[in-house]
Amino acid sequence: MTSTFLPDRRTDSDVAPTSATAASSRGRARRRLLNWLTAVGFQVPALVLFIGLVILPMLFALYAAFFRWGGFGMPSDYVGGDNFTRLFQDDVFLGDLWRCLLLIALSLAIQLPFALAMAVALNQRLRGRAVYRMLFFAPYVLSEAITGVLFSMIFAPGDGLADHVLGSIGLGGVGGEWFADPSYVMATLFLVMTWKYFGFHMMLYLAGLQSVPAELTEAALIDGAGPWQRFRNVTLPLLAPTLRISVFLSVIGAIQLFDLVWVITQGGPDHHSETMAVTMFQYGFKRYQVGYASAISVVMFGICLVFALAYQRFVLRRDLEGATTTMRGDGK
Amino acid sequence: MTRKTKAVQSLPLHVVLVLVGAVMIVPLVYAALSGFKSTAELSSNPFGLPEHWLTGNYTGILGSGDFWRLVGNSTLVAVATTVIVVAASALAAFAFARFAFRGRELLFTFFTMGLMFPFAVAALPLFLLLRYLDLLDNPLGVILPQAAFGLPMTIIILRGFFRQIPGELEEAATLDGCSAFGFFWRVLLPMARPALGTVSVLAVVTSWNNFMLPLLVFTDAKWWTLPLGVAQFQGQYSSDYARVFAYLVLAMVPALAFYSVAERQLVGGLTAGASKG
């Protein structure tokens, strides 16, 4: 594939193939410029796409959020921060924030611990474990649209599978309106989200668990630690970086939740399952209050940004320090 | 500890796993069986096997051109997105991994910031931009933004992989007269095939399942992708449950088949992406 002859005049391997051989500093400067241009040249396609279709639209939303604007022509009716003040007096939007917090709390309290339990169970030598892994993860590859339609039919009031199952085990009165009931719609939605997403977190944990050295748990076993102590004091600390990432992804996912809700309830009944993204969609694409919808986009971005920065600063910092200073010497 | 006591000890665990497994698989099996029933039989016989295996729901959908057009559109969009995002990311990741240049870390941070941008946040301004560029009802209007939003994760994964390739190879190639691009094209890319496979699988699955962007961009049913078709079909045949179930099952088949073939790349890519992001 490549030449086998090794030169005794080695070039600087980690830098560029075009690095300094020239003696004069002018030649060197030219080479450095050339090297820089080559490197940046490789970035051009990605940069054009990224700036054009990710960064610029976001900046434009930031601009449009200060206008009353129907979405046609250029925004001209400047209203200052009115869209934002209106947003924080809007009961639907405040409800969105509350429901977002609720979903995050439920995910952290139920979905992720459940995923962890399943990961620990399937990390042992067990008959059929490959089948269970594949099965638990399978819903993750289905689109949200398919999942949504499937469960809107399973939870169809009266005639869906859920009500039939409850009826057949003598709990006929327990089932009900599911997605159509304001008090149960979020719980039902959370059930569907858990069905779809816990397998993803389980797979992350399984990958993390596989990098926990067996010697450590064996040593703890010899020292007389019980199963819970081994888990609590050996496995869990070593799994912490994975857990932190999984929490992060779960929170970001809750902030931007749209597809499932749109397909199943469109935010209903009477806004009781609406999310920020759904509200944004309603105002931006149904009611043509594009300035107001832009303000929702900006607030969503602000929440993501603040959360991501705070998380990086206070929670992920230790992981990143490990990564940059000891080249991931923590066994990851 | 004898084998027997061990088996008894793990019995509760097996019971739990079987229960969870049942909850996971019952909706899918129920949908598949329901597709073989008539809607009338669905409420009289919700659990059992169909009394008569009706194949009409399935064959009717497969026989109409609509379903295949959706599959074709989804495939076109997924393949084009994947080619663009992997090509652009590989070039960028190459520069990040193998060059030392001023501004490298800053630029890399700039790209990784994209991970904090959930797509929903940018959907509205993106729609306005696409309308301005006259890319609505045009597959490029979905392909290009999907590629742009896929860049951060793909660049991060590929950069990690490119860094592991020994520097000696690059020296040797340079001495043989290879240009930077020649090394990238003839040496690095062939060696990086497993990583390219991983990021491609991720891109295909993400594109295949995308709902919000096609929903915004494609108003003309001619360009609809599978997720849009599924949501639309339910609206159209909302009272004909059996038929919607059959449609759902057929719409699941490509994704599940792809998963069973590419499970390793998909799981590997997701876990690698998560732990490096």
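Summary table
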| quantity | calculated |
| --- | --- |
| Potential lengthening between B:L189 and B:D134 on full extension [0.36 nm per residue; Cα-Cα distance subtracted] | 16.3 nm |
| Chain B: C-alpha gyration tensor shape, a/c 1.5 cut-off, then a/b vs b/c | oblate |
| Nonlocal Lys pairs with alpha-carbon distance under 29 Å, the protein assembly as shown (8 or more apart, or different chains) | 6 |
| Paramagnetic reach from A:R68 in the range A:260-296 [backbone N under 18 Å; point 7 Å along Cα→Cβ] | A:283-284, A:287-296 |
| In Hz, Karplus ³J(HN,Hα) per residue of the range B:79-93 (6.51, -1.76, 1.60; θ = phi - 60°; x = Gly, Pro) | 5, 5, 4, 5, 4, 5, 5, 6, 5, 5, 5, 5, 4, 5, 5 |
| Difference of contour (0.36 nm per residue) and Cα-Cα distance, A:R232 to A:V306 | 23.5 nm |
| Per-peptide average of other Cβ atoms within 10 Å, ordering A:197-209, A:126-138 highest first | A:197-209, A:126-138 |
| Estimated FRET transfer efficiency (A:D82, A:V44; beta-carbon r; R0 41 Å; 0.05) | 0.55 |
| For the range B:99-160 and the range A:270-291, distance of Cα centres in Å | 24 Å |
| For A:F67, residues with placed amide H under 5 Å, excluding near neighbours | A:V79 |
| Local net charge near A:E215, Cβ-Cβ under 14 Å (Lys/Arg +1, Asp/Glu -1) | -1 |
| For chain B, the longest site-free run once chymotrypsin sites (Phe, Trp or Tyr not before Pro) in DSSP loop states with at most 16 other Cβ atoms within 10 Å are removed | B:54-236 |
| Compactness index (Cα Rg / 2.2 N^0.38 Å), chain A | 1.33 |
| Over the range B:1-90, volume per residue of the alpha carbon convex hull, in Å³ | 205 Å³ |
| Normalised alpha carbon radius of gyration of the range B:178-277 [divisor 2.2 N^0.38 Å] | 1.48 |
| Most fluctuating residue given options A:D159, A:D259, A:D91, as computed from a GNM of chain A linking Cα atoms under 10 Å | A:D159 |
| 10 Å Cβ neighbours from other chains, averaged over peptide A:158-168 | 3 |
| Approximate spin-label separation A:D90-B:H14, in nm, with each point projected 7 Å along Cα-to-Cβ | 5.5 nm |
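No lab work stands behind these numbers, since they all come straight from the coordinates. Small disclaimer: the values here were computed from a predicted structure and weren't measured. Don't worry about glycine lacking a Cβ; one is built from the backbone with ideal geometry, like all the others, and counts go over all protein chains shown.
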